[in-house]
Amino acid sequence: MPGRPLVRHTGSVTTTERTLILLRHAKSDWSGSEADIDRPLAERGRTQAPLAGRWLADHAGRIDLAVVSPAQRARETWELVSAQFAEAPRFRVEDRVYAASAERLLHVVWELPDDIRTVVLVGHNPGMEALASYLAGAEVIMRTSGIAELGVSRQWSDADTASAGLRWAGRPDGEERG
């Protein structure tokens with residue numbers, strides 16, 4: 001079944017614009033009894049993540065930094081995503097991204113160094129979806145392996161609805177299941 005492509009949103013882009021890419025972790029495995037933070041990817045997640053990685057490698061340009069939740073499924077997602085790049089982007093694990101609200105995630109964004117132009121934030125719902133929707137000023141659905149790419153026209157510390165615009169949103173494989 002052909003997938004639904006990511007949606008391109010057009011708008012003005014300035015040379016000072018930053019790029020925030022929100023990536024929800026791939027599908028996790030619920031069959032074990034491990035703690036939530038230790039839950040690994042499911043087989044479907046191990047298939048989804050490289051598709052998201054290929055899409056990012058083909059469309060996102062140079063990624064300066066990935067900020068990744070410490071959850072096993074998020075770290076595995078980033079490992080599979082970053083393997084699709086000719087040179088894996090630099091990353092750091094950030095405890096505050098795990099199970100974070102949109103507000104907490106926004107604080108992580110606000111603290112990014114201004115010399116970072118493109119960042120990927122790898123995290124979880126409902127916080128990722130709420131942050132994408134807040135910054136876009138419209139509902140953005142973040143299914144597993146979902147991507148939302150936003151342009152931010154100000155410094156990271158000033159990122160908000162007025163300074164951000166949605167460029168792309170969706171999932172490269174087009175699956176409708178969560």
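The values are calculated or read from the model by the stated rules, or taken from the named source; none is laboratory data. What you are looking at is a predicted structure, and each value in this text was computed from that prediction instead of being measured. Neighbour counts are summed over all protein chains in view; Cβ atoms, including those assigned to glycine, are modelled from backbone coordinates with ideal geometry. Ligands, DNA and RNA are excluded from the accessible area calculation, which covers all protein heavy atoms including side chains. Shrake-Rupley method; radii C 1.70, N 1.55, O 1.52, S 1.80 Å.
Listing for the model above:
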read-out	value
Probe 1.4 Å, protein heavy atoms only - accessible area per residue of the chain in square angstrom	48 Å²
Highest average packing first - 136-148, 18-30, Cβ atoms within 10 Å	18-30, 136-148
³J(HN,Hα) computed for each position of the stretch 150-165 - Karplus, 6.51 cos²θ - 1.76 cosθ + 1.60, integer Hz, glycine/proline x	10, x, 10, 8, 10, 5, 4, 5, 10, 4, 7, 4, 6, 9, 10, x
Calculated [θ] (222 nm, deg cm²/dmol) that DSSP helices of n ≥ 4 give over the chain, each run adding -39,500 (n - 2.57)	-8000 deg cm²/dmol
Dipole magnitude of the stretch 72-146, debye to nearest 20 (Cβ charges: Lys/Arg +1, Asp/Glu -1, about Cα centre)	160 debye
On Cα atoms only, tilt of 43-59 relative to the major axis of the chain in degrees	20 degrees
Percent RCO, i.e. relative contact order, over the chain, from Cα pairs under 8 Å lying at least 6 residues apart	34 percent
Under-5 Å amide H pairs with residue 91, H placed in peptide plane, nonlocal only	66
FRET efficiency, residue 47 to residue 93 (Cβ-Cβ, R0 35 Å, nearest 0.05)	0.90
Environment charge of residue 134, counting only residues whose C-beta is closer than 14 Å and scoring Lys/Arg +1, Asp/Glu -1	-3
Within the stretch 52-79, backbone nitrogen closer than 15 Å to the virtual label 7 Å beyond the Cα of residue 115 toward Cβ	64-65
Accessible carbon and sulfur surface of the chain relative to its total accessible area, %, 1.4 Å	50 percent
Nearest-20 debye value, the chain charge dipole, Cβ charges on Lys, Arg, Asp, Glu	400 debye
Binned Cα-Cα distances of the chain, short to long, each 10 Å bin given as a whole percent	11, 42, 37, 9, 1
Protein-only accessible surface order, largest first, of 78, 55 at 1.4 Å	55, 78
Neighbour net charge for residue 32 - beta-carbon separation under 9 angstrom, K R +1, D E -1	-2
5 angstrom amide H check on residue 28, placed H, neighbours 5+ away	42
Summed side-chain charge close to residue 111 - residues other than residue 111 whose Cβ falls under 15 Å, Lys, Arg +1, Asp, Glu -1	-3
